[in-house]
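Take a look at the structure below.
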Amino acid sequence: MENGVLYVVATPIGNRGDITERAKEVLNAVSLIAAEDTRHSRPLLKSLGISTRLVAMHEHNEREMLEKLTRMLQQGDTLALISDAGTPLISDPGFPLVRTCHQLGIRVSPLPGPSAAIAALSAAGLPTDRFRFEGFSARTSSARKGVFETLKDEPLTLIFYESSHRIQASLADMAALFGEGRQCVLARELTKLHETIIQCTLGELCRLLENDPDQRKGEFVILIAGATQDDELLSPEALRILKLLVDELPVKKAAALTARITGEKKNRLYQQALILRGE
Ligand code: SAM
C-alpha cells in the first residue's frame with residue numbers, strides 16, 4: 001500500500017457478504033478509518049476481524065475532522081473513509097474531505113462496491129442507458145412538489161432515495177406531479193431478508209403501500225420511468241388485466257376499463273390491445 005492515500009471504501013448495504021476482498025485488505029492495513037458512525041461500523045469491522053482504529057466523521061464534525069485527517073495524510077499516513085452503508089459521498093458524508101485532498105494534492109483512491117442506487121437500477125427493469133440520481137427528496141411536500149415539477153418532463157430514468165417515515169407522502173406527491181399512470185419501481189430492503197422489487201404505476205404503488213403496512217418498512221429506492229419511456233412500458237399488472245378483458249370485450253372497451261382500473265394511458269392500452277388481438 002502506498003503512503004499518504006485516502007481510500008474511499010464501499011461497504012455492504014445489508015448483506016455483509018457483499019464486502020470485497022480488497023476492502024477487507026485495505027481496512028485492515030490503514031492507520032485509521034474515518035466512519036460516519038463508529039457504533040454502526042464497529043460490528044461490521046469486528047465480524048471481519050479488523051481492529052483498525054476508528055474515528056467518527058459525520059456532517060456535524062466534518063469540517064473540524066478535515067484538518068486532522070489531511071494533516072495525517074500529508075505526514076504519510078494512509079486512511080480509509082467509510083459510511084454506514086454503501087458508497088461514501090453518495091447521499092453520505094465525505095465530499096469536503098475528498099475535495100480538500102484534491103486541492104492539497106493528496107491521492108484519493110476508490111474501492112468500489114455496493115451502492116443502493118446502482119443495485120436498484122440494475123434490477124429494476126427500467127432503461128439504464130441514461131439515468132438521473134436525485135438522492136433524497138425534499139422534506140416538505142411543497143419543496144418536493146417544486147422539485148418534481150422541474151423533473152416531470154425529464155426523459156431519463158429518475159432515482160430517489162427515501163426513508164420509511166416519508167415514503168407514502170413522497171409517493172403521493174410523485175403521483176400528483178408525474179401522474180398516477182407513470183411507471184415506477186420500488187426497490188426495498190435490497191440484499192436483505194425482505195428484499196422486494198415492485199414494478200407498477202405510481203397510482204398502483206400508492207394503493208399498495210396504503211393497504212400493506214409491511215411494504216412501508218425498511219429502506220427504499222424509488223425509480224421513475226423517464227417521461228418518454230412512460231409510453232413504451234405498461235406495468236405487468238395493466239398488461240395482465242388488459243389480456244383478460246380483451247378476450248371478453250371489444251378492444252376499445254377493454255382499453256378504457258383497464259385505464260380506469262390501473263391509471264395507465266388509454267391510447268397506449270388501446271395500441272397494446274390491438275397487438276394482443278393481432279390486429
Ligand atoms: N451511500 C449509500 C449508498 O451508496 O447507497 C446511501 C446512503 S443514504 C444515507 C441511505 C439511503 O439509501 C436509504 O434511506 C435508502 O433510500 C437507500 N438504501 C440504503 N440501503 C438500502 C437497501 N438495502 N435497500 C434499499 N435502499 C437502500
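Have a look at the DSSP beta bridges in region 1-102 and tell me what percent are antiparallel, nearest 5. Please list the in-between numbers first.
Details: 1 of 11 bridges.
Antiparallel bridges make up about 10 percent of those DSSP assigns within region 1-102.
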| Over region 1-130, what is the mean sequence separation of C-alpha contacts under 8 Å (at least six apart), divided by residue count, expressed as relative contact order in percent? | 40
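Which percent, to the nearest 5, of DSSP beta bridges fully inside the chain are antiparallel?
On the way: 17 of 37 bridges.
If I count the DSSP bridges inside the chain, around 45 percent turn out antiparallel.
Cβ neighbours within 10 Å, averaged per peptide: list 139-146, 202-209 in order, most packed at the top.
Values: 139-146: 13.1, 202-209: 20.6.
Final packing ranking: 202-209, 139-146.
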| request: Give a quick list of trypsin sites (Lys or Arg not before Pro) in region 1-62 that DSSP marks as loop, anything other than H, G, I, E or B, with at most 10 other Cβ atoms within 10 Å. | output: ARG53
| PRE reach from ALA176 (point 7 Å along Cα→Cβ): which of region 109-150 fall under 18 Å by backbone N? | 137-150
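Quick one: net charge of ALA120's neighbours, Cβ under 12 Å, K/R +1, D/E -1? Write down the numbers at each step before the final one.
Working: positive: ARG188; negative: GLU162, GLU189, GLU195, GLU219.
Once all neighbours under 12 Å are counted, the net charge is -3.
Suppose only helical runs count, i.e. DSSP H with n ≥ 4. What mean residue ellipticity at 222 nm does that imply for the chain under -39500 (n - 2.57) per run, divided by all residues and rounded to the nearest 500 deg cm²/dmol? Walk me through the intermediate numbers first.
On the way: 11 runs with 121 residues, N = 279.
Roughly -13000 deg cm²/dmol at 222 nm, from the helical runs in the chain.
For region 124-177, what is the accessible area per residue in Å², given a 1.4 Å probe and the full set of protein chains? Mind showing how you got there, number by number?
Values: 2670 Å² over 54 residues.
Value for region 124-177: 49 Å² per residue.
Percent relative contact order of region 236-276, based on C-alpha pairs within less than 8 angstrom and at least six residues apart? Provide the component values of the computation, followed by the final result.
Values: 38 pairs, mean separation 16.9, N = 41.
In percent, rounded to a whole number, it is 41.
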| note | The local net charge around GLU36, scoring Lys/Arg +1 and Asp/Glu -1 for residues other than GLU36 whose Cβ lies under 14 Å from its Cβ, equals -3
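Going by the alpha-carbon gyration tensor, a ≥ b ≥ c the square roots of its eigenvalues, is region 190-279 rounded (a/c under 1.5) or, if a/c is not under 1.5, prolate (a/b greater than b/c) versus oblate? Provide the component values of the computation, followed by the final result.
On the way: a/c = 2.59, a/b = 2.08, b/c = 1.25.
Prolate, since a/c reaches 1.5 and a/b exceeds b/c.
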| note | Length gained, THR140-SER163, 0.36 nm per residue minus C-alpha separation, equals 6.9 nm
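Full-extension gain between THR38 and ASN61, please, as 0.36 nm times their residue separation minus the C-alpha to C-alpha distance.
Working: separation 23, 0.36 × 23 = 8.28 nm, distance 1.33 nm.
Using 0.36 nm per residue and subtracting the Cα-Cα distance, I get 6.9 nm.
Would you mind checking LYS145/LYS243; LYS24/LYS68; LYS145/LYS253 for any pair whose Cα atoms are more than 30 angstrom apart?
Correct reply: LYS145/LYS243; LYS145/LYS253.
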| request: Return a whole-number percent for the relative contact order of the chain, with Cα pairs under 8 Å and 6 or more residues apart as the contact set. | output: 17
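In region 134-175, carbon and sulfur make up what percent of the accessible area (probe 1.4 Å)? Can you show the working numbers first?
Values: 1010 of 1850 Å².
Using a 1.4 Å probe with all protein chains present, region 134-175 comes out at 54 percent carbon and sulfur.
The values are calculated or read from the model by the stated rules, or taken from the named source; none is laboratory data. Quantities reported herein were computed from a predicted structural model and do not represent experimental measurements. So basically every Cβ, Gly included, is an ideal-geometry build from the backbone, and we count neighbours across all protein chains shown. Note: accessible area is taken over every heavy atom of the protein model, side chains too, but ligands, DNA and RNA are not part of it. Shrake-Rupley method; radii C 1.70, N 1.55, O 1.52, S 1.80 Å.
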